[in-house]
Structure formats: structure tokens, C-alpha cells
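As C-alpha cells, the structure follows; a few thoughts come after it.
Just so it is clear, none of the values below were taken in a lab; they were calculated from the coordinates. Computed from a predicted model, the values in this text were never measured in an experiment. Here Cβ is always computed from backbone atoms with ideal geometry, including for glycine, and neighbour counts include all displayed protein chains.
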Amino acid sequence: MFGLGRPSRRPAQPRPSAVTVNGRDLPLTVREHARATRMTLRIEPGGQALKLTIPKGLPAREIDEFLTRHHGWLMTRLARVEDAGPLADQATIAIRGVEHRIAMTGKLRGIAEQTEIDGVPTLLVSCLPEHVGRRVSDHLKRVARQELEVLVRTHAATLGKPVRGIAYKDTKSRWGSCTSEGNLAFSWRIAMAPDFVIDYLAAHEVAHLKEMNHGPDFWATCKALCPRTNEAKRWLKQNGSRLFAVKFG
């Protein structure tokens, strides 16, 4: 008589690392969270990747079923994110909420300049065609620095809080950050947003100098600094992915 023994376990099914939506393969990051009670799917800013938060130990089969059920939602949401390709002559770029036509000057050197031609807001760019994106991003960095540094200093003075330093980055997951030491950082892409949204971002990070959380006191401080906080939050929710999707190179 032969014993059958314990049946061998099937190898664990690998978790998906990408999802195909509208003909595009998007990287998928799956992260377990000890306190998560359900799955939460997020489209990363710019629509270039997905993030799925799941309860600990969830089988890959349930993840696949969840993604299948939400495929239509992904198609609809990602269709709103423009994929305009790299910037070029005669393309448009928003600067402080105003659409500007990009016009190459024919020169090879010089910083980009804002002007108006025949009543049309225009950004004059001097460079080789393949460097247009870099010239435009350099201009947006200058605009972000000019606007945010004044706003940050003003809001910080209102709260009586010191600012140790301000940095500008091309982040993909957040618009700004603030450390307990008083170091602030911003995505320079915010220079494409309207002025009241730029003001909100400055107020948001400065408010963290007083409240290092997102509790009621924090939002009260933020709204005191920027009365249009709720409007700006809605604008970023509706348009933020479009700004992150702009390709500069």
C-alpha cells in the first residue's frame, strides 16, 4: 500500500507588472498595506503609470479580476490625458494659465522670451529644433522661481515662520513638499497653472511650516493664506495630469 502524501502546492501566480490600456503598456506598481481593507487603483500624474494598493497577502488572481473590472474606467480616465508628443515650433504651452504659441526665432542662442504677436501670446525660442523642449522647460523653471519665491516669503512672513530653502524639481508624484527643518520643494511644472493655483501651492507648503499634517488646523491655515484654496484644489484635480503629461524632451 502506497501513501499518497501531501499534494504539492502550485507555484504562486506572479502579480501583474503592467496593464495595457488604449494600446499602451503602463507600468503597474503593486504595494501591500497592512491597514488596507480594499484595493485602491491610482493613475500616476501624467498618466504614464499605475499604482495599486492592496491588503496584505491578497492573491494575484483577485488583483487580475479587479483590474479587469476597472478596465473601462481606466480607458475613460486615461483618454483625458493628452499625449501631444515633444514640444515643437507652432505648438502651444500654458504659462501662468495662458496658452502661448511657440515660435522659433531662427537664432541658435538666447533664452526664451514671452511676447505678443498679432494679439496672440507667444513664446519666442532660440535654438535648434531638437532643443525646443529644453528651452521651454528652462523658461518655466524661471517663471516658477520668480512667482513662488515671492509668494512663499509673503505667506511665511504672515505666519511668522522661517524658510530655510526652496528647491525646484520635476517630480512625478507630488506638486510640493515641506520638511520640518523648513526646506520647501516645488514642481516647476506648476508654472503652467493659473496664478491662483500657483498661490495655493505656495500657501499649502508654507502652511506645513505650522502644521505638519493635513488636519483641520492645517486646512484652516491654508485657506487663511489662500482664500481660493478649494477652487485651486479642484483645478489641480481636473488638470494636474495634463501638466505632468507635457513632454519636454
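Some points to look at:
- Relative contact order (percent, whole number), segment 94-238, Cα cutoff 8 Å, 6+ residue spacing: 20
- Label reach from Thr154 (point 7 Å along Cα→C-beta): in segment 201-241, amide nitrogens under 18 Å belong to 201-208, 221-233.
- Length gained when the stretch Ala60-Val120 is fully extended (0.36 nm per residue, less Cα-Cα span): 16.3 nm
- Computed over segment 50-120, Cα set: Rg, Dmax in Å: 21.7, 62
- Once the Cα gyration tensor of segment 92-245 is diagonalised, semi-axes √(5λ) in Å: 31, 16, 13
- Full extension of the segment from Glu181 to Ala220, taken as 0.36 nm per residue of separation minus the current Cα-Cα distance, would add 11.9 nm.
- Relative to one another, the C-alpha centroids of segment 184-203 and segment 120-159 are positioned 11 Å apart.
- Most mobile of Ala36, Ala220, Ala79 in a GNM of the chain (Cα contacts under 10 Å): Ala36
- Calculated SAXS-style log₁₀ I(q)/I(0) at q = 0.17, 0.20, 0.26 Å⁻¹ - segment 18-79, Debye, Cα scatterers: -0.55, -0.75, -1.18
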